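Below: the structure, in structure tokens.
Taken together, the values in this text are just the output of simple stated rules run on the coordinates, not laboratory data. Just so it is clear, the structure is predicted and the values come from calculations on it, not from any experiment. Cβ: placed from backbone, ideal geometry, glycine included. Neighbour counts: every protein chain shown.
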Amino acid sequence: MNIKNNIQNIRQNLPSTSQLIAVSKTHPVDVVKAAYEAGQRVFGENKVQEMINKYEALPKDIEWHMIGHLQRNKVKYIASFVTLIHAVDSMKLLEEINKQGEKIGRVIRCLIQVHIATEETKFGFSPEEVLSLLQNNALPQLSHVQIEGLMGMATFTDDVAQVRKEFRALKSLFDTLRQVNLGPHVKMHELSMGMSSDYLIAAEEGSTMVRIGSAIFGSRNYQ
Ligand SMILES: *Cc1c(COP(=O)(O)O)cnc(C)c1O
């Protein structure tokens with residue numbers, strides 16, 4: 001694995017409007033360090049403890065993005081340093097993020113996870129639910145969260161047309177929401193979509209952030 005080459009290749013394929021989030025989950029600190037030394041400064045993790053360990057061990061100019069499902073009782077452990085929480089999937093989670101942000105005087109940036117794939121999942125809002133969440137009267141009171149946009153994952157399939165259709169639907173929802181005045185605490189400007197297998201399609205469909213793991217670090221070994 002030549003991490004530096006992988007990062008350079010991906011960057012060359014990405015439009016400048018799409019930010020690369022290097023998904024370092026399961027990879028040890030020295031591997032993440034190699035990506036850091038190749039100039040990468042934004043990393044995504046999906047487990048709280050693992051993200052804390054890497055945050056503590058690695059340089060402090062790294063941005064840490066929580067990309068996975070986040071349990072409410074764990075928000076407090078990352079509130080002080082997380083740069084962006086990608087997968088907010090309930091109002092209760094948003095309230096907890098706000099509570100922890102308030103405690104430490106920090107406004108925490110979040111994306112709302114939208115369920116676009118055909119696969120069954122318990123996580124994420126349906127496209128219909130997103131607007132009602134964003135128009136929820138309780139939302140403006142959450143002064144320590146800032147909603148920056150949407151996040152989604154396409155169906156795990158080789159069917160490129162299917163994947164493109166799902167990304168296009170998410171972009172269309174994003175564009176629709178951008179037309180709605182949702183108040184100062186909602187800024188619809190980030191669209192996190194695309195992983196190793198589908199990031200080129202996602203970029204073509206208007207993604208502003210791609211979350212790429214295996215195409216940088218190789219396949220993961222889950223124990
Ligand atoms: C693991 C993960 C990724 C990266 O997946 P790759 O296929 O290795 O690029 C992206 N997004 C989320 C939410 C993930 O959990």
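List of remarks:
- Asn221-Arg11 FRET efficiency (beta carbon distance; Förster radius 35 Å; 0.05 resolution): 0.85
- Gain in span if fully extended, Lys47 to Thr157, counting 0.36 nm per residue against the direct Cα distance: 37.1 nm
- Distance between modelled label sites at Gln179 and Ala57, nm, 7 Å Cα→Cβ extension: 4.9 nm
- With the convex hull drawn around the C-alpha atoms of the chain, the volume per residue stands at 126 Å³.
- With the highest mean first, a sort of the peptides 141-152, 162-173 on other beta-carbon atoms found within 10 angstrom per residue produces 141-152, 162-173.
- Working value for segment 1-91: equivalent-ellipsoid semi-axes of 24, 16, 10 Å, each the square root of 5 times a Cα gyration tensor eigenvalue, largest first.
- Extension gain, Gln141-Ser126: 0.36 nm per intervening residue step, less the Cα-Cα distance, totals 3.1 nm.
- Exceeding the 23 Å Cα-Cα cut-off - candidates Lys60/Lys122; Lys122/Lys187; Lys33/Lys74; Lys33/Lys122; Lys25/Lys60; Lys47/Lys99: Lys60/Lys122; Lys122/Lys187; Lys33/Lys74; Lys33/Lys122
- Among Ile7, Ile112, the order by Cβ neighbours within 10 angstrom, fewest to most, reads Ile7, Ile112.
- Percentage relative contact order, the chain, counting C-alpha pairs under 8 Å, at least six apart: 21 percent
- Dividing the mean sequence gap of close Cα pairs (under 8 Å, 6+ apart) by how many residues segment 69-131 holds gives a relative contact order of 33 percent.
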